[in-house]
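The values are calculated or read from the model by the stated rules, or taken from the named source; none is laboratory data. From a predicted model like this one, the values you see are computed outputs, not experimental measurements. For neighbour counting, all protein chains shown are included, and Cβ atoms are generated from backbone atoms with ideal geometry for every residue, glycine included.
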Amino acid sequence: MSSIERKGLWLSLGVFLLITFFNLTVSAEESTSVWKRKNLGGDWGGIRTTLEENGVRFYLSQTGFYQGSFEGDGDDDWRFGARADLLLDVDTGKLGLWDGGGIHSHLEYRGDSPVAFRGGALWPVNTGAIFPIGAAHEFVASSMYLSQRTGEASNVMIGKINALDLLSGHPFFGGSGTDRFWNIAFAAPPSGVVPPVIIGGILSHSAAPYSFTIMIFDPNDQTTNYSLDNLLSDGVNVSFGINRSGSVAGRQSSIGFTATYSSADGIDYSKLGLPSGSGTTTKKGSYNIAVELSHLLKENAQKPGKGIGLYLKGAIADGNPNPVQCSIIGGIGGIGLFPDRIEDSFGIGYYYYNFSDKLQNVISPLVNFDDEQGIEVFYNFAATPWFHIAFDLQYIDPASGDNQNALVGGLRTKIVF
């Protein structure tokens with residue numbers, strides 16, 4: 001394990017303390033500008049402004065983790081980990097290429113990390129420590145796609161797309177494990193039919209108060225794939241979503257519906273364990289249907305449209321070949337829990353995943369495989385706009401029924417350069 005991977009957390013803290021010391025030695029005016037800037041590097045000597053004027057925007061961050069178990073079976077060691085993310089967006093109009101277009105990429109690097117699976121839990125307790133899948137110690141382009149505005153209300157995206165990034169703007173779900181919740185049940189709620197990285201197309205259209213989304217993509221994870229060979233050879237996934245935004249009791253609210261279908265073959269759990277030659281062991285077709293509700297409980301006066309909200313997501317699935325049968329996830333979260341800390345964020349969430357009964361029945365003679373539920377609480381302290389420290393605690397009733405309940409804690413730091 002390299003030094004930066006082992007000591008990612010201490011690296012973040014060290015940089016922050018170094019900047020603190022530096023700012024104590026300069027004028028008050030200079031110090032204030034450093035604390036208020038959105039990123040550590042500021043304008044990078046004018047480079048950032050020049051690039052943005054020409055349609056190029058970038059977001060570079062480094063995240064450090066320190067996580068371990070207080071209670072539960074298995075590995076309880078506290079371990080360090082680190083990752084780096086670079087998001088690049090190009091406005092083709094400003095660059096002089098064509099109007100309304102965009103070129104987008106997301107480069108990721110993940111070193112050795114804390115144990116992503118703890119205490120017999122099926123879902124990773126640290127999303128940022130497991131993605132990009134199968135690519136530790138490698139630089140991966142998890143997004144490389146084109147976008148095009150078609151009118152004032154429509155947009156098309158086509159190419160390789162990091163599905164976790166699609167939730168980056170959500171006030172409760174999403175965050176990729178580097179901004180909000182750590183557990184994948186909240187950071188990227190698994191549906192069984194949407195892989196972490198897709199190759200395909202997305203069409204979105206807004207007609208207030210409604211918004212619509214249609215996705216068509218290959219059913220396989222494309223994290224380390226940079227080729228179009230064999231695209232859609234195993235089937236095709238289609239997703240349709242509709243969302244209505246409005247106001248309830250004077251507070252911003254929304255209700256959304258998403259249905260996703262995959263034509264790909266999957267393991268037929270009802271055929272597992274049968275003698276060889278007894279017929280096909282695969283089953284074609286899988287789906288997931290989800291409904292999501294949100295309601296802003298308390299709006300922040302300094303940031304209209306944001307504040308503390310209530311969120312709930314429920315889903316049903318086929319349970320065979322989809323390993324998920326149904327799920328419910330929800331909680332309270334947002335910004336401004338304390339009046340003078342409007343840049344801080346927090347979340348309290350609960351999740352329950354009912355896994356395939358057929359799968360459980362087949363493997364129960366060998367493994368006690370139950371449903372899984374858990375509670376997670378986090379608080380993200382914005383020491384500066386570019387340096388955040390997050391504290392996290394998870395209590396999990398794991399899918400492995402032979403394991404006792406687990407209590408997992410963690411500390412996360414993030415620097416935006």
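Of all residues in the stretch 360-378, which are within 12 Å of TRP182 (Cβ to Cβ) and free of Cβ contacts under 8 Å to residues at least 60 places away in the same chain?
Of everything in the stretch 360-378, just one residue is within 12 Å of TRP182 (Cβ to Cβ) and free of Cβ contacts under 8 Å to residues at least 60 places away in the same chain, namely VAL377.
Inside the stretch 237-352, counting only strands (runs of 3 or more DSSP E) that do not spill past its ends, which hold 3 or more residues that are among the β-branched types (Val, Ile, Thr)?
The strands (runs of 3 or more DSSP E) meeting that bar are 237-248, 251-267, 282-300, 324-335.
The set of residues in the stretch 18-65 that are modelled with pLDDT under 50 and part of a helix (DSSP H, G or I) comprises LEU18, ILE19, THR20, PHE21, PHE22, ASN23, LEU24, ALA28, GLU29, GLU30, SER31, THR32. Would a scan of the stretch 95-103 turn up a residue that is in contact with a strand residue (DSSP E or B) (Cβ under 7 Å, 6 or more places away or on another chain), surrounded by 16 or more Cβ atoms within 10 Å (Cβ to Cβ) and modelled with pLDDT under 95? Checked the stretch 95-103: no residue is in contact with a strand residue (DSSP E or B) (Cβ under 7 Å, 6 or more places away or on another chain), surrounded by 16 or more Cβ atoms within 10 Å (Cβ to Cβ) and modelled with pLDDT under 95. The number of residues in the stretch 336-379 that are over 15 Å from TYR395 (Cα atoms), modelled with pLDDT of 95 or more, surrounded by 21 or more Cβ atoms within 10 Å (Cβ to Cβ) and not small (Gly, Ala, Ser) comes to 2. Residues that are surrounded by fewer than 20 Cβ atoms within 10 Å (Cβ to Cβ) and either small (Gly, Ala, Ser) or more than 14 Å from ILE335 (Cβ to Cβ) (or both) within the stretch 291-309 comprise VAL291, LEU293, HIS295, ALA301, GLY305, listed in sequence order.
Within the stretch 267-297, being out of contact with any Asp or Glu (no Cβ under 9 Å at 6 or more places or on another chain), modelled with pLDDT of 95 or more and not aliphatic (A, V, I, L, M) holds for GLU292, SER294, HIS295. Against the test of being on the phi > 0 side of the Ramachandran plot and not aliphatic (A, V, I, L, M), the options GLY101, GLY46, GLY81 yield a single qualifying residue, GLY46.
Summed over the stretch 138-193, the residues that are among the basic types (Lys, Arg) and within 15 Å of ILE329 (Cβ to Cβ) give a count of 1. Only one of the numbered conditions (1) under 16 Å from GLN62 (Cα atoms); (2) part of a loop (DSSP other than H, G, I, E, B) is not met by LYS94, and that is (1).
Taking every residue in the stretch 34-46 that is farther than 18 Å from GLN62 by Cβ and exposed (fewer than 14 other Cβ atoms within 10 Å of the Cβ) and pairing it with any residue that is at pLDDT 90 or above and not acidic (Asp, Glu), at least 6 positions away or on another chain, the pairs with Cβ-Cβ distances below 6 Å are ASP43/THR49.
Filtering the stretch 48-97 to residues that are of a type in the set (Ser, Thr, Tyr) and closer than 17 Å to ALA141 by Cβ leaves TYR59, SER61.
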